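Everything below concerns the one structure shown next.
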């Protein structure tokens with residue numbers, strides 16, 4: 001099974017099969033679960049943003065003053081339960097600090113031997129480290145961007161309008177913004193370092 005973490009960013013349509021996922025709602029994520037007719041397995045967080053009352057689902061309440069965000073607690077809970085495939089929904093929102101913090105959680109997930117992805121209304125975000133990722137040109141996403149999360153990364157991009165071959169990129173110059181498919185598939189290779197891959201709907 002996969003684990004779905006429903007966060008409290010911008011609301012989105014969430015299409016998941018309840019039988020295929022263990023579902024964790026982080027605070028306001030419970031409101032979004034209800035709006036999508038999703039029954040979660042557990043709700044957790046400081047409950048300072050959720051508006052709907054939970055009557056049946058197990059809830060773990062944490063203090064408002066804590067080191068982890070509610071989404072970070074949800075991700076750590078998923079990892080502690082042994083899930084290796086974690087999908088975060090509504091992980092991007094108006095609070096840019098929370099959005100960046102959620103993106104950083106992809107590295108936490110990777111370092112714990114699992115794979116993670118963040119979904120929002122207009123993008124899918126993944127992280128690769130010393131591996132390759134194939135993007136399929138299914139016409140859903142118009143553009144993709146490749147950014148370094150580490151100080152320096154070495155990357156190759158094949159099958160794209162703007163290819164790269166063993167190019168050193170860093171986290172203070174956004175070289176890889178708004179690339180496009182040239183072939184049906186694009187291969188992104190991280191030869192060294194943590195690389196964020198954004199697939200974007202414009």
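Among the residues in segment 180-187, are any part of a strand (DSSP E or B), surrounded by fewer than 16 Cβ atoms within 10 Å (Cβ to Cβ) and either outside the structural domain of residue 85 (by TED's automatic domain parsing) or over 15 Å from the mean Cα position of the chain (by Cα) (or both)? Yes, some residue in segment 180-187 is part of a strand (DSSP E or B), surrounded by fewer than 16 Cβ atoms within 10 Å (Cβ to Cβ) and either outside the structural domain of residue 85 (by TED's automatic domain parsing) or over 15 Å from the mean Cα position of the chain (by Cα) (or both).
Condition check ((1) surrounded by 15 or more Cβ atoms within 10 Å (Cβ to Cβ); (2) more than 8 Å from the chain's Cα centre (by Cα); (3) within 25 Å of residue 155 (Cα to Cα)) across all residues:
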site: 68; (1), (2), (3): no, yes, no
site: 73; (1), (2), (3): yes, yes, no
site: 81; (1), (2), (3): no, yes, no
site: 85; (1), (2), (3): yes, yes, yes
site: 95; (1), (2), (3): no, yes, no
site: 116; (1), (2), (3): yes, no, yes
site: 119; (1), (2), (3): yes, no, yes
site: 130; (1), (2), (3): no, yes, yes
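Does segment 135-142 contain any residue that is touching a residue at least 24 places away in the same chain (Cβ under 8 Å), out of contact with any strand residue (DSSP E or B) (no Cβ under 9 Å at 6 or more places or on another chain), closer than 30 Å to residue 35 by Cα and part of a loop (DSSP other than H, G, I, E, B)? No; the residues of segment 135-142 include none that is touching a residue at least 24 places away in the same chain (Cβ under 8 Å), out of contact with any strand residue (DSSP E or B) (no Cβ under 9 Å at 6 or more places or on another chain), closer than 30 Å to residue 35 by Cα and part of a loop (DSSP other than H, G, I, E, B). Quick check on residue 164: is it under 14 Å from residue 187 (Cα atoms) and in contact (Cβ under 8 Å) with a residue 60 or more places away in the chain? For residue 164, the condition - under 14 Å from residue 187 (Cα atoms) and in contact (Cβ under 8 Å) with a residue 60 or more places away in the chain - is not met. Where residues in segment 132-170 are within 18 Å of residue 202 (Cβ to Cβ) and buried (at least 17 other Cβ atoms within 10 Å of the Cβ), which of them is modelled with the lowest pLDDT? Across segment 132-170, the extreme among qualifying residues is 141.
The values are calculated or read from the model by the stated rules, or taken from the named source; none is laboratory data. Owing to the predicted nature of the structure, the values given are computational and were not obtained by experimental measurement. Cβ sites come from the backbone with ideal geometry, for glycine too, and all protein chains shown count toward neighbours.
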